[in-house]
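Structure record follows, encoded as structure tokens.
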Amino acid sequence: MFIVLEGADASGKSTLAAEIIEQLHATNPGQEIDVFHKGKPEELTRRWALHEYAVNIETEDWSRRIAVSDRWHWGEVTYAPIKRPETCNDEFGLLGIAGWRWVELFLESRGVTQYWVYQPLEVITERINRRGDDFVDAHELAGILERYEFGYNHAYNVELKVTVPEGEKYVKAAASIIIDAAEKKAKAAQALSKFPEYIGPRWPTALLIGDRRNDPNETILPFMPISGNSGDYLLSSLPAAAWRSCGIINSDDFHGAVLNELLGVLGHPKVIVLGRLAEKRVRPYLDEDAYVVLPHPQYVRRFHHQDRYEYGKAITSFAYNYAKDERYTQWILP
């Protein structure tokens, strides 16, 4: 079970986190609880950010461990545009839109629950004015809340936007509700722990299958989006609805029995194979009518770069099986 609390300064995250940890200790005596707090990045690179929020914990089985974090990756969409806009090529800070989506899909595959701990502007302003803060000024709080709203709207699936009134009983009640929801999500995601190379939701509409990682020594995860590579191109090409509906894995990470078991665990989603190399690996295990083959994003990036969003729409059309338009069927590799 992994619980992440996001929220503006002075919103009550630390108090709520402390109560959650206390209740978890009481109900899980003797079990170690990992406690994280994410702050300013130590290195202003996307690679650092992706390691910090995904790669560094990619091999941990969170269905067997417990963690609570005061903030995770939302700081990049919240504080980067305000505090260091020079690091932003878009509104997602060091992560970029592709990195944001990649981390979100990773967290989903691990059954992580995210909560936006919200307080109105007047409440957090009064608290900051009363206690002071080393990082933010009161006049920045309105912009910070706007950026949290942006993160909330672009997250995969924030479990709850929670406002906790002043008072110990309310904090205790909120902590209990959060733990209960986190336990349910962790239990649902437990079946995915057998497939650590997979990222995406528990029940995706489509499974995208690539071929291999550029650097298998860096991560076990597919399509890590660095420096305009194929992962960056793929994840930034997908429409908003589509990226939330897609799971991703590489064909080099399974053999036939594993692929069929994964498809069963995922609820038998549509299978979209990306490129000929991946098709070669998949063909012995699936009937030809069980999948569709589209070009690998690396090919599209090199030779049809301007068609990025048409490529993303093509993936969406086959994921949902609703488009017969030639604009999309022409993407199918014969």
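The values are calculated or read from the model by the stated rules, or taken from the named source; none is laboratory data. Since the model is a prediction, treat every value here as computed from it, not as a measurement. Neighbour counts are summed over all protein chains in view; Cβ atoms, including those assigned to glycine, are modelled from backbone coordinates with ideal geometry.
Within the set 17, 26, 67, 49, the sole residue that is in a helix (DSSP H, G or I), at pLDDT 95 or above, within 19 Å of the chain's Cα centre (by Cα) and of a type in the set (Gly, Ala, Ser) turns out to be 49. Pairing each residue of segment 26-55 that is crowded, with 17+ Cβ neighbours inside 10 Å with any residue that is of a type in the set (S, T, N, Q) and modelled with pLDDT under 95, provided the two are 6+ apart or on different chains, yields C-beta distances under 8 Å for 46/227. Just wondering, is there one or more residues in segment 115-125 that are under 27 Å from residue 18 (Cβ atoms), of a type in the set (Ser, Thr, Tyr), touching a Pro at 6+ places or on another chain (Cβ under 9 Å) and in the same structural domain as residue 35 (by TED's automatic domain parsing)? Within segment 115-125 (the criterion being under 27 Å from residue 18 (Cβ atoms), of a type in the set (Ser, Thr, Tyr), touching a Pro at 6+ places or on another chain (Cβ under 9 Å) and in the same structural domain as residue 35 (by TED's automatic domain parsing)), the answer is no, since none of the residues qualifies. Here residue 243 fulfils each of the conditions (1) out of contact with any Lys or Arg (no Cβ under 8 Å at 6 or more places or on another chain); (2) touching a residue at least 60 places away in the same chain (Cβ under 8 Å); (3) closer than 14 Å to residue 106 by Cβ apart from (1).
One residue stands out among those in segment 155-171 that are among the hydroxyl-bearing types (Ser, Thr, Tyr) and in contact (Cβ under 8 Å) with a residue 24 or more places away in the chain: the one that is surrounded by the most Cβ atoms within 10 Å (Cβ to Cβ), which is 156.
Selection of first residues in segment 257-274 that are over 22 Å from residue 314 (Cα atoms) and of second residues that are surrounded by 14 or more Cβ atoms within 10 Å (Cβ to Cβ), restricted to Cβ pairs under 6 Å at least 6 apart or on distinct chains, gives the following pairs, ordered by first then second residue: 259/285; 262/195; 265/191.
Kindly establish whether residue 152 is at pLDDT 90 or above and either surrounded by 17 or more Cβ atoms within 10 Å (Cβ to Cβ) or under 19 Å from residue 15 (Cβ atoms) (or both). Spelling it out, it is not the case that residue 152 is at pLDDT 90 or above and either surrounded by 17 or more Cβ atoms within 10 Å (Cβ to Cβ) or under 19 Å from residue 15 (Cβ atoms) (or both). You will find that of 137, 215, 211, the residue that is of a type in the set (D, E, K, R), at negative phi and surrounded by 18 or more Cβ atoms within 10 Å (Cβ to Cβ) is 211 and no other.
No other residue among 187, 280 is within 23 Å of residue 114 (Cβ to Cβ), out of contact with any strand residue (DSSP E or B) (no Cβ under 8 Å at 6 or more places or on another chain), surrounded by fewer than 17 Cβ atoms within 10 Å (Cβ to Cβ) and of a type outside the set (Phe, Trp, Tyr) apart from 187. Applying the condition of being closer than 22 Å to residue 277 by Cβ and part of a loop (DSSP other than H, G, I, E, B) to segment 307-334 and asking which residue is modelled with the lowest pLDDT yields 334. For residue 97, state whether it is closer than 18 Å to residue 15 by Cβ, in the same structural domain as residue 32 (by TED's automatic domain parsing) and at pLDDT 95 or above. No: the conditions fail for residue 97.
Given the structure, is residue 174 closer than 21 Å to residue 266 by Cα and either of a type in the set (A, V, I, L, M, F, W, C) or surrounded by 18 or more Cβ atoms within 10 Å (Cβ to Cβ) (or both)? The answer is no for residue 174. Pairs are defined by a Cβ separation below 7 Å, a sequence spacing of at least 6 or placement on different chains, a first member in segment 114-126 that is touching a residue at least 24 places away in the same chain (Cβ under 8 Å), and a second member that is surrounded by fewer than 17 Cβ atoms within 10 Å (Cβ to Cβ); the pairs so defined are 115/160; 116/152; 116/161; 118/161; 118/163; 119/163; 121/142.
Would it be correct to say that residue 97 is out of contact with any Gly (no Cβ under 7 Å at 6 or more places or on another chain), touching a residue at least 12 places away in the same chain (Cβ under 8 Å), farther than 23 Å from residue 143 by Cβ and among the β-branched types (Val, Ile, Thr)? No; evaluated as a whole, the condition is false for this residue. None of 103, 171, 123 is modelled with pLDDT of 95 or more, of a type in the set (A, V, I, L, M, F, W, C) and part of a helix (DSSP H, G or I) except 103. Of all residues in segment 21-53, those satisfying the criterion of being charged (D, E, K, R) and touching a Gly at 6+ places or on another chain (Cβ under 9 Å) are 38, 40, 46.
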